[in-house]
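Encoded as C-alpha coordinates, the structure appears first; notes follow it.
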Amino acid sequence: MAHILVLGGGFGGLAAAHELRRHLPPSDDVTVVAMSDKFFVGFAKLWDVAGLRPLLDGTRPLERLGRRGIRFVQAEVTHIDPVAHKVETTAGTLSGDGIIVALGATYQPAHSALLGQDAYNLYHAEALPGIRAALDELTEGRLVVTILGAPYLCPPAPFEATLLLEERLRKEGRRDHVDVVVSTPAPLTLPVAGVDASRYLADRMLERGITIHTESKVDTINHESNTIRFTNGETIDWQLLLAVPAAAPPAVVANSSLAGPSGWIEPNRHTFATNADRVYAVGDCTMIATATAQLPKAGVFAEAAGKIAATNLAADLYGGDHITFDGYGFCFLELPGKQVATVTGDFYAQPRPAVRLTPPDEASFRAKLQWEQERLTGWLG
Ligand SMILES: Cc1cc2nc3c(=O)[nH]c(=O)nc-3n(C[C@H](O)[C@H](O)[C@H](O)COP(=O)(O)OP(=O)(O)OC[C@H]3O[C@@H](n4cnc5c(N)ncnc54)[C@H](O)[C@@H]3O)c2cc1C
(Lines give C-alpha, C1' and ligand atoms only; values in the text may rest on other atoms or scores of the structure.)
Protein backbone atom coordinates (compact mmCIF):
# COMPACT_ATOMS: atom_id res chain seq x y z
CA MET A 1 0.00 0.00 0.00
CA ALA A 2 1.48 3.34 -1.07
CA HIS A 3 0.97 6.74 0.55
CA ILE A 4 1.41 9.97 -1.41
CA LEU A 5 1.75 13.36 0.22
CA VAL A 6 0.46 16.35 -1.69
CA LEU A 7 1.74 19.58 -0.14
CA GLY A 8 -0.68 22.42 -0.84
CA GLY A 9 -4.42 22.61 -1.44
CA GLY A 10 -4.52 25.13 -4.28
CA PHE A 11 -4.78 24.58 -8.03
CA GLY A 12 -1.70 22.37 -8.33
CA GLY A 13 -2.34 20.33 -5.19
CA LEU A 14 -6.04 19.70 -5.83
CA ALA A 15 -5.50 18.75 -9.48
CA ALA A 16 -2.68 16.41 -8.44
CA ALA A 17 -4.61 14.79 -5.57
CA HIS A 18 -7.65 14.01 -7.74
CA GLU A 19 -5.48 12.70 -10.57
CA LEU A 20 -3.60 10.47 -8.11
CA ARG A 21 -6.91 9.16 -6.79
CA ARG A 22 -7.87 8.30 -10.39
CA HIS A 23 -4.61 6.43 -11.05
CA LEU A 24 -3.87 4.70 -7.75
CA PRO A 25 -5.62 1.64 -6.31
CA PRO A 26 -8.26 2.50 -3.65
CA SER A 27 -6.07 0.90 -0.97
CA ASP A 28 -3.39 3.58 -1.51
CA ASP A 29 -3.61 6.76 0.55
CA VAL A 30 -3.51 10.30 -0.80
CA THR A 31 -3.07 13.06 1.80
CA VAL A 32 -3.31 16.78 1.07
CA VAL A 33 -1.56 19.02 3.62
CA ALA A 34 -2.39 22.72 3.50
CA MET A 35 -2.27 25.70 5.82
CA SER A 36 -5.53 27.10 4.53
CA ASP A 37 -8.73 25.06 4.96
CA LYS A 38 -10.37 26.66 1.90
CA PHE A 39 -10.07 26.97 -1.85
CA PHE A 40 -11.18 29.74 -4.20
CA VAL A 41 -9.89 30.85 -7.57
CA GLY A 42 -7.73 34.00 -7.62
CA PHE A 43 -10.04 36.08 -9.77
CA ALA A 44 -12.88 35.64 -7.24
CA LYS A 45 -10.99 38.20 -5.11
CA LEU A 46 -11.23 40.76 -7.90
CA TRP A 47 -14.96 40.12 -8.35
CA ASP A 48 -15.34 40.74 -4.63
CA VAL A 49 -13.61 44.14 -4.60
CA ALA A 50 -15.32 45.14 -7.84
CA GLY A 51 -18.66 44.52 -6.11
CA LEU A 52 -19.61 41.77 -8.58
CA ARG A 53 -19.77 38.75 -6.24
CA PRO A 54 -18.73 38.13 -2.60
CA LEU A 55 -15.66 35.91 -2.23
CA LEU A 56 -17.58 33.55 0.02
CA ASP A 57 -19.83 32.53 -2.89
CA GLY A 58 -16.80 31.09 -4.69
CA THR A 59 -15.17 29.46 -1.65
CA ARG A 60 -15.25 25.74 -0.79
CA PRO A 61 -13.87 23.89 2.29
CA LEU A 62 -11.00 21.46 1.73
CA GLU A 63 -12.49 19.02 4.23
CA ARG A 64 -14.78 17.96 1.35
CA LEU A 65 -11.78 16.11 -0.12
CA GLY A 66 -12.78 13.32 2.28
CA ARG A 67 -15.84 12.65 0.08
CA ARG A 68 -13.46 11.65 -2.74
CA GLY A 69 -11.22 9.38 -0.69
CA ILE A 70 -8.53 12.02 -0.16
CA ARG A 71 -7.39 12.78 3.39
CA PHE A 72 -7.01 16.46 4.32
CA VAL A 73 -4.66 17.66 7.05
CA GLN A 74 -4.77 21.35 7.88
CA ALA A 75 -1.23 22.18 8.99
CA GLU A 76 1.82 24.20 8.07
CA VAL A 77 4.64 22.27 6.44
CA THR A 78 7.82 23.37 8.21
CA HIS A 79 10.45 21.03 6.70
CA ILE A 80 10.64 18.80 3.62
CA ASP A 81 12.98 15.80 3.46
CA PRO A 82 12.69 14.78 -0.18
CA VAL A 83 15.04 11.80 0.09
CA ALA A 84 13.17 10.14 2.96
CA HIS A 85 9.78 11.34 1.57
CA LYS A 86 9.09 12.84 4.95
CA VAL A 87 7.70 16.24 6.00
CA GLU A 88 7.53 18.02 9.34
CA THR A 89 4.28 19.84 9.93
CA THR A 90 2.59 21.67 12.77
CA ALA A 91 0.37 18.55 13.04
CA GLY A 92 3.38 16.21 13.34
CA THR A 93 5.62 14.23 11.00
CA LEU A 94 4.15 12.68 7.86
CA SER A 95 5.92 10.23 5.62
CA GLY A 96 5.02 8.57 2.36
CA ASP A 97 6.31 6.94 -0.80
CA GLY A 98 6.21 10.04 -2.95
CA ILE A 99 5.58 13.78 -2.67
CA ILE A 100 4.04 16.43 -4.91
CA VAL A 101 5.04 19.91 -3.77
CA ALA A 102 2.41 22.53 -4.68
CA LEU A 103 2.93 25.13 -1.96
CA GLY A 104 2.28 28.21 -4.09
CA ALA A 105 4.10 31.50 -3.64
CA THR A 106 4.27 34.11 -0.94
CA TYR A 107 5.11 37.84 -1.29
CA GLN A 108 8.52 39.47 -1.38
CA PRO A 109 9.04 40.64 2.24
CA ALA A 110 10.53 43.98 1.17
CA HIS A 111 7.34 44.70 -0.80
CA SER A 112 5.02 43.66 2.03
CA ALA A 113 6.98 46.04 4.29
CA LEU A 114 6.03 48.97 2.02
CA LEU A 115 2.31 48.46 2.69
CA GLY A 116 -0.12 49.40 5.48
CA GLN A 117 -2.42 52.35 6.19
CA ASP A 118 -4.49 52.90 3.00
CA ALA A 119 -1.91 50.92 0.98
CA TYR A 120 -3.16 47.36 0.61
CA ASN A 121 -1.96 44.12 -0.97
CA LEU A 122 -4.54 43.68 -3.75
CA TYR A 123 -3.78 39.93 -3.96
CA HIS A 124 -4.11 39.02 -0.29
CA ALA A 125 -7.52 37.66 0.71
CA GLU A 126 -6.98 38.95 4.26
CA ALA A 127 -6.69 42.51 2.91
CA LEU A 128 -10.12 42.35 1.27
CA PRO A 129 -12.22 43.73 4.19
CA GLY A 130 -9.91 46.77 4.42
CA ILE A 131 -9.98 47.28 0.65
CA ARG A 132 -13.78 46.98 0.58
CA ALA A 133 -14.19 49.59 3.32
CA ALA A 134 -11.65 51.95 1.75
CA LEU A 135 -13.35 51.66 -1.66
CA ASP A 136 -16.74 52.41 -0.11
CA GLU A 137 -15.29 55.62 1.31
CA LEU A 138 -13.45 56.68 -1.86
CA THR A 139 -15.26 59.74 -3.18
CA GLU A 140 -12.36 61.85 -4.44
CA GLY A 141 -8.63 61.76 -5.04
CA ARG A 142 -6.67 59.05 -6.80
CA LEU A 143 -6.95 55.25 -6.88
CA VAL A 144 -3.59 53.74 -7.76
CA VAL A 145 -2.98 50.11 -8.68
CA THR A 146 0.75 49.47 -8.66
CA ILE A 147 2.81 46.41 -9.59
CA LEU A 148 5.84 46.39 -7.30
CA GLY A 149 7.98 43.82 -9.11
CA ALA A 150 8.15 40.58 -11.08
CA PRO A 151 7.38 37.77 -11.19
CA TYR A 152 3.90 38.31 -9.83
CA LEU A 153 0.85 36.05 -10.02
CA CYS A 154 -1.43 36.11 -13.05
CA PRO A 155 0.09 38.88 -15.21
CA PRO A 156 -3.24 40.39 -16.45
CA ALA A 157 -4.88 40.54 -12.98
CA PRO A 158 -3.68 44.03 -11.83
CA PHE A 159 -4.99 45.52 -15.10
CA GLU A 160 -8.26 43.59 -14.85
CA ALA A 161 -8.63 44.96 -11.31
CA THR A 162 -7.99 48.51 -12.53
CA LEU A 163 -10.61 48.20 -15.28
CA LEU A 164 -13.22 46.55 -13.05
CA LEU A 165 -12.74 49.14 -10.30
CA GLU A 166 -12.92 52.00 -12.80
CA GLU A 167 -16.22 50.54 -14.01
CA ARG A 168 -17.50 50.27 -10.45
CA LEU A 169 -16.63 53.93 -9.70
CA ARG A 170 -18.30 54.99 -12.95
CA LYS A 171 -21.49 53.02 -12.22
CA GLU A 172 -21.65 54.43 -8.71
CA GLY A 173 -21.32 58.01 -9.98
CA ARG A 174 -17.92 58.63 -8.34
CA ARG A 175 -15.64 58.48 -11.35
CA ASP A 176 -15.70 62.24 -12.11
CA HIS A 177 -13.98 62.90 -8.77
CA VAL A 178 -11.60 59.91 -8.66
CA ASP A 179 -8.56 59.58 -10.88
CA VAL A 180 -7.56 56.02 -11.77
CA VAL A 181 -3.88 55.17 -12.33
CA VAL A 182 -1.99 51.91 -12.90
CA SER A 183 1.79 51.48 -12.80
CA THR A 184 4.20 48.71 -13.74
CA PRO A 185 7.99 48.46 -13.75
CA ALA A 186 7.78 46.67 -17.12
CA PRO A 187 8.00 48.51 -20.45
CA LEU A 188 4.68 46.93 -21.56
CA THR A 189 1.46 46.08 -19.76
CA LEU A 190 1.73 42.35 -20.60
CA PRO A 191 5.28 41.44 -21.67
CA VAL A 192 4.44 37.71 -21.67
CA ALA A 193 1.69 38.26 -24.25
CA GLY A 194 3.75 40.50 -26.53
CA VAL A 195 3.47 43.98 -28.01
CA ASP A 196 0.07 43.66 -29.74
CA ALA A 197 -1.79 42.26 -26.72
CA SER A 198 -0.12 44.87 -24.49
CA ARG A 199 -1.19 47.66 -26.85
CA TYR A 200 -4.73 46.28 -26.95
CA LEU A 201 -4.94 46.21 -23.15
CA ALA A 202 -3.42 49.70 -22.85
CA ASP A 203 -5.97 51.06 -25.34
CA ARG A 204 -8.87 49.62 -23.32
CA MET A 205 -7.55 51.49 -20.27
CA LEU A 206 -6.78 54.73 -22.08
CA GLU A 207 -10.29 54.88 -23.60
CA ARG A 208 -11.64 54.83 -20.04
CA GLY A 209 -9.37 57.66 -18.97
CA ILE A 210 -7.03 55.46 -16.92
CA THR A 211 -3.45 56.77 -16.71
CA ILE A 212 -0.77 54.13 -17.31
CA HIS A 213 2.78 54.46 -15.98
CA THR A 214 5.10 51.90 -17.60
CA GLU A 215 8.79 51.50 -16.68
CA SER A 216 7.83 52.84 -13.26
CA LYS A 217 9.47 50.94 -10.45
CA VAL A 218 8.33 51.97 -6.99
CA ASP A 219 11.18 53.32 -4.89
CA THR A 220 9.36 54.45 -1.74
CA ILE A 221 5.81 54.70 -0.43
CA ASN A 222 5.29 57.56 2.01
CA HIS A 223 2.34 57.00 4.35
CA GLU A 224 2.49 60.51 5.82
CA SER A 225 2.08 62.34 2.52
CA ASN A 226 0.29 59.43 0.75
CA THR A 227 2.78 59.53 -2.11
CA ILE A 228 4.69 57.01 -4.18
CA ARG A 229 8.10 57.88 -5.53
CA PHE A 230 9.29 55.92 -8.53
CA THR A 231 12.97 55.26 -9.25
CA ASN A 232 12.62 57.45 -12.39
CA GLY A 233 12.10 60.43 -10.06
CA GLU A 234 8.36 60.81 -10.65
CA THR A 235 6.04 61.15 -7.63
CA ILE A 236 2.27 60.66 -7.48
CA ASP A 237 -0.15 60.94 -4.60
CA TRP A 238 -2.94 58.54 -3.82
CA GLN A 239 -6.10 58.31 -1.75
CA LEU A 240 -6.21 54.52 -2.01
CA LEU A 241 -3.26 52.38 -3.07
CA LEU A 242 -3.69 48.75 -4.16
CA ALA A 243 -0.33 47.10 -4.64
CA VAL A 244 0.78 43.80 -6.18
CA PRO A 245 3.99 42.60 -4.52
CA ALA A 246 6.40 40.39 -6.44
CA ALA A 247 6.04 36.69 -5.67
CA ALA A 248 8.60 34.92 -3.49
CA PRO A 249 9.08 31.22 -2.73
CA PRO A 250 7.68 30.07 0.64
CA ALA A 251 10.52 29.75 3.20
CA VAL A 252 9.96 26.00 3.57
CA VAL A 253 10.58 25.63 -0.18
CA ALA A 254 13.54 28.02 -0.38
CA ASN A 255 15.19 26.27 2.60
CA SER A 256 14.75 22.77 1.18
CA SER A 257 17.26 20.83 -0.87
CA LEU A 258 14.70 20.90 -3.69
CA ALA A 259 15.25 24.64 -4.31
CA GLY A 260 17.47 25.87 -7.11
CA PRO A 261 19.76 28.90 -6.87
CA SER A 262 16.72 31.18 -7.32
CA GLY A 263 15.08 29.81 -4.16
CA TRP A 264 12.27 28.41 -6.32
CA ILE A 265 12.06 24.73 -7.24
CA GLU A 266 13.20 24.36 -10.84
CA PRO A 267 11.75 21.00 -11.93
CA ASN A 268 11.96 19.45 -15.38
CA ARG A 269 9.63 21.73 -17.37
CA HIS A 270 8.05 18.80 -19.22
CA THR A 271 7.64 16.14 -16.48
CA PHE A 272 7.82 18.31 -13.29
CA ALA A 273 10.27 15.81 -11.76
CA THR A 274 12.67 17.35 -9.21
CA ASN A 275 16.20 16.36 -8.22
CA ALA A 276 14.75 13.72 -5.81
CA ASP A 277 13.17 10.39 -6.79
CA ARG A 278 9.37 10.31 -6.67
CA VAL A 279 9.22 14.00 -5.75
CA TYR A 280 7.53 16.40 -8.17
CA ALA A 281 6.93 20.14 -7.94
CA VAL A 282 4.19 22.13 -9.65
CA GLY A 283 2.59 25.56 -9.79
CA ASP A 284 3.63 28.87 -8.30
CA CYS A 285 6.36 27.39 -6.05
CA THR A 286 8.33 26.54 -9.19
CA MET A 287 10.31 28.63 -11.64
CA ILE A 288 10.09 27.37 -15.20
CA ALA A 289 12.22 29.14 -17.76
CA THR A 290 10.78 29.94 -21.19
CA ALA A 291 12.57 31.43 -24.19
CA THR A 292 12.10 35.01 -23.01
CA ALA A 293 11.17 34.85 -19.33
CA GLN A 294 9.23 32.39 -17.15
CA LEU A 295 6.04 30.39 -17.44
CA PRO A 296 3.37 32.68 -15.93
CA LYS A 297 2.35 31.93 -12.38
CA ALA A 298 -1.26 30.97 -13.09
CA GLY A 299 -3.80 28.42 -11.92
CA VAL A 300 -4.18 27.07 -15.43
CA PHE A 301 -0.52 26.03 -15.52
CA ALA A 302 -0.45 24.81 -11.90
CA GLU A 303 -3.41 22.55 -12.65
CA ALA A 304 -1.91 21.18 -15.88
CA ALA A 305 1.38 20.50 -14.09
CA GLY A 306 -0.41 18.89 -11.13
CA LYS A 307 -2.15 16.37 -13.39
CA ILE A 308 1.07 15.53 -15.24
CA ALA A 309 3.09 15.16 -12.02
CA ALA A 310 0.41 12.88 -10.53
CA THR A 311 0.33 10.67 -13.62
CA ASN A 312 4.13 10.42 -13.62
CA LEU A 313 4.32 9.64 -9.91
CA ALA A 314 1.72 6.87 -10.34
CA ALA A 315 3.80 5.54 -13.25
CA ASP A 316 6.94 5.58 -11.04
CA LEU A 317 5.10 3.41 -8.53
CA TYR A 318 3.17 1.04 -10.76
CA GLY A 319 4.63 1.37 -14.26
CA GLY A 320 2.78 2.78 -17.24
CA ASP A 321 3.46 5.75 -19.44
CA HIS A 322 5.06 8.95 -18.21
CA ILE A 323 3.59 12.07 -19.83
CA THR A 324 4.92 15.53 -20.63
CA PHE A 325 3.73 19.15 -20.74
CA ASP A 326 3.99 20.84 -24.14
CA GLY A 327 3.77 24.47 -22.97
CA TYR A 328 0.27 25.16 -24.29
CA GLY A 329 -2.07 27.13 -22.08
CA PHE A 330 -4.12 30.29 -21.78
CA CYS A 331 -4.76 33.26 -19.51
CA PHE A 332 -8.12 34.99 -19.15
CA LEU A 333 -8.20 38.75 -19.67
CA GLU A 334 -11.41 40.17 -18.21
CA LEU A 335 -12.77 43.52 -19.34
CA PRO A 336 -15.73 45.42 -17.89
CA GLY A 337 -19.26 44.45 -18.89
CA LYS A 338 -18.78 40.66 -18.61
CA GLN A 339 -16.37 40.56 -21.55
CA VAL A 340 -13.44 38.14 -21.53
CA ALA A 341 -10.55 37.80 -23.98
CA THR A 342 -7.90 35.08 -23.74
CA VAL A 343 -4.17 34.99 -24.35
CA THR A 344 -3.65 31.49 -25.74
CA GLY A 345 -0.79 29.54 -27.24
CA ASP A 346 2.53 27.80 -26.82
CA PHE A 347 4.41 29.39 -23.94
CA TYR A 348 7.43 27.11 -24.56
CA ALA A 349 7.86 28.16 -28.23
CA GLN A 350 11.26 29.39 -29.49
CA PRO A 351 12.53 32.07 -29.94
CA ARG A 352 9.59 33.54 -27.98
CA PRO A 353 6.20 32.33 -26.69
CA ALA A 354 3.77 31.96 -29.63
CA VAL A 355 0.63 33.36 -28.02
CA ARG A 356 -2.25 35.38 -29.43
CA LEU A 357 -5.08 37.42 -28.01
CA THR A 358 -8.61 36.34 -28.90
CA PRO A 359 -11.16 39.19 -29.04
CA PRO A 360 -13.32 39.62 -25.92
CA ASP A 361 -16.94 38.44 -25.84
CA GLU A 362 -19.62 37.46 -23.40
CA ALA A 363 -19.45 33.77 -24.36
CA SER A 364 -15.86 33.71 -23.03
CA PHE A 365 -17.03 35.36 -19.82
CA ARG A 366 -19.56 32.52 -19.41
CA ALA A 367 -16.77 30.02 -20.20
CA LYS A 368 -14.64 31.61 -17.44
CA LEU A 369 -17.47 31.29 -14.95
CA GLN A 370 -18.04 27.68 -15.97
CA TRP A 371 -14.29 26.98 -15.67
CA GLU A 372 -14.43 28.16 -12.06
CA GLN A 373 -17.60 26.17 -11.25
CA GLU A 374 -16.17 22.97 -12.76
CA ARG A 375 -13.19 23.21 -10.42
CA LEU A 376 -15.23 24.07 -7.33
CA THR A 377 -17.66 21.22 -7.98
CA GLY A 378 -15.27 18.71 -9.54
CA TRP A 379 -12.70 19.04 -6.75
CA LEU A 380 -14.80 20.03 -3.74
CA GLY A 381 -18.47 19.49 -4.58
C1 LIG B 1 -6.21 38.35 -8.14
C2 LIG B 1 -5.77 37.09 -8.81
C3 LIG B 1 -6.37 36.69 -10.01
C4 LIG B 1 -5.96 35.52 -10.63
N5 LIG B 1 -6.57 35.12 -11.80
C6 LIG B 1 -6.18 34.00 -12.41
C7 LIG B 1 -6.80 33.58 -13.63
O8 LIG B 1 -7.71 34.22 -14.14
N9 LIG B 1 -6.36 32.43 -14.20
C10 LIG B 1 -5.34 31.69 -13.66
O11 LIG B 1 -4.98 30.66 -14.23
N12 LIG B 1 -4.72 32.08 -12.52
C13 LIG B 1 -5.12 33.21 -11.90
N14 LIG B 1 -4.48 33.62 -10.74
C15 LIG B 1 -3.27 32.91 -10.28
C16 LIG B 1 -3.60 31.65 -9.52
O17 LIG B 1 -4.47 31.92 -8.44
C18 LIG B 1 -2.31 31.01 -8.98
O19 LIG B 1 -1.34 30.98 -9.98
C20 LIG B 1 -2.62 29.61 -8.51
O21 LIG B 1 -3.42 29.67 -7.35
C22 LIG B 1 -1.36 28.80 -8.24
O23 LIG B 1 -1.70 27.53 -7.79
P24 LIG B 1 -0.73 26.75 -6.76
O25 LIG B 1 -1.39 25.46 -6.50
O26 LIG B 1 0.65 26.76 -7.28
O27 LIG B 1 -0.70 27.66 -5.46
P28 LIG B 1 -1.90 28.12 -4.54
O29 LIG B 1 -3.20 28.02 -5.26
O30 LIG B 1 -1.49 29.44 -3.98
O31 LIG B 1 -1.92 27.05 -3.36
C32 LIG B 1 -0.90 26.96 -2.43
C33 LIG B 1 -1.37 26.07 -1.30
O34 LIG B 1 -0.27 25.80 -0.44
C35 LIG B 1 -0.67 26.07 0.91
N36 LIG B 1 0.55 26.43 1.63
C37 LIG B 1 1.44 27.41 1.37
N38 LIG B 1 2.47 27.34 2.23
C39 LIG B 1 2.24 26.30 3.04
C40 LIG B 1 2.96 25.68 4.10
N41 LIG B 1 4.16 26.10 4.53
N42 LIG B 1 2.39 24.60 4.71
C43 LIG B 1 1.18 24.11 4.31
N44 LIG B 1 0.49 24.65 3.30
C45 LIG B 1 1.01 25.72 2.67
C46 LIG B 1 -1.74 27.13 0.81
O47 LIG B 1 -2.54 27.14 1.97
C48 LIG B 1 -2.48 26.65 -0.45
O49 LIG B 1 -3.40 25.63 -0.10
C50 LIG B 1 -4.90 34.76 -10.07
C51 LIG B 1 -4.32 35.15 -8.86
C52 LIG B 1 -4.74 36.30 -8.24
C53 LIG B 1 -4.10 36.70 -6.93
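The table for this structure:
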quantity	calculated
The stretch 277-293 - residue that is part of a strand (DSSP E or B) and within 12 Å of the ligand (Cβ to nearest atom) and, of those, nearest to the chain's Cα centre (by Cα)	Thr286
Which numbered condition His270 misses (of (1) crowded, with 24+ Cβ neighbours inside 10 Å; (2) touching a Phe, Trp or Tyr at 6+ places or on another chain (Cβ under 9 Å); (3) at pLDDT 95 or above)	(1)
Cβ-Cβ under 7 Å pairs, at least 6 apart or on other chains, the stretch 87-106 side over 10 Å from Val77 (Cα atoms), far side in a strand (DSSP E or B) and small (Gly, Ala, Ser)	Val101/Ala281; Ala105/Ala247; Ala105/Ala248; Thr106/Ala248
Condition broken by Arg60, with the remaining ones in (1) assigned by TED's automatic domain parsing to the domain that holds Val178; (2) in contact with a Lys or Arg (Cβ under 8 Å, 6 or more places away or on another chain); (3) surrounded by fewer than 20 Cβ atoms within 10 Å (Cβ to Cβ) satisfied	(1)
One residue from Ile100, Ile80 being farther than 26 Å from Ala202 by Cα, within 19 Å of the chain's Cα centre (by Cα) and in the same structural domain as Asp29 (by TED's automatic domain parsing)	Ile100
Evaluation of Thr358 against (1) out of contact with any Lys or Arg (no Cβ under 7 Å at 6 or more places or on another chain); (2) within 12 Å of the ligand (Cβ to nearest atom) (one fails), failing number	(2)
Odd one out for Ile131 among (1) over 21 Å from the mean Cα position of the chain (by Cα); (2) touching a residue at least 12 places away in the same chain (Cβ under 8 Å)	(1)
Residue under evaluation Phe365, criteria (1) surrounded by fewer than 21 Cβ atoms within 10 Å (Cβ to Cβ); (2) assigned to a strand (DSSP E or B), criterion not met	(2)
Close pairs (6 angstrom Cβ cut-off, 6 or more residues apart or separate chains): among the aliphatic types (A, V, I, L, M) in the stretch 295-315, part of a helix (DSSP H, G or I) and more than 8 Å from the ligand (Cβ to nearest atom) anywhere	Ala309/Ala16; Ala310/Ala16; Ala310/Glu19; Ala310/Leu20; Ala314/His23
Residues (over 17 Å from the mean Cα position of the chain (by Cα) and either at pLDDT below 95 or within 16 Å of the ligand (Cβ to nearest atom) (or both)) located in the stretch 322-333	Phe325, Gly327, Tyr328
Test: residue in the stretch 153-172 that is of a type in the set (Val, Ile, Thr), part of a loop (DSSP other than H, G, I, E, B) and either in the same structural domain as Gly42 (by TED's automatic domain parsing) or touching a residue at least 12 places away in the same chain (Cβ under 8 Å) (or both)	no
Criterion: within 16 Å of the ligand (Cβ to nearest atom) and under 25 Å from Ala246 (Cα atoms) - qualifying residue of Ala304, Ala310	Ala304
Of all residues making up the stretch 217-252, the number that are over 17 Å from the mean Cα position of the chain (by Cα) and either outside any strand (DSSP E or B) or not charged (D, E, K, R) (or both)	24
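The values are calculated or read from the model by the stated rules, or taken from the named source; none is laboratory data. The model shown is predicted, which means the values in this text are computed figures rather than measured ones. Don't worry about glycine lacking a Cβ; one is built from the backbone with ideal geometry, like all the others, and counts go over all protein chains shown.
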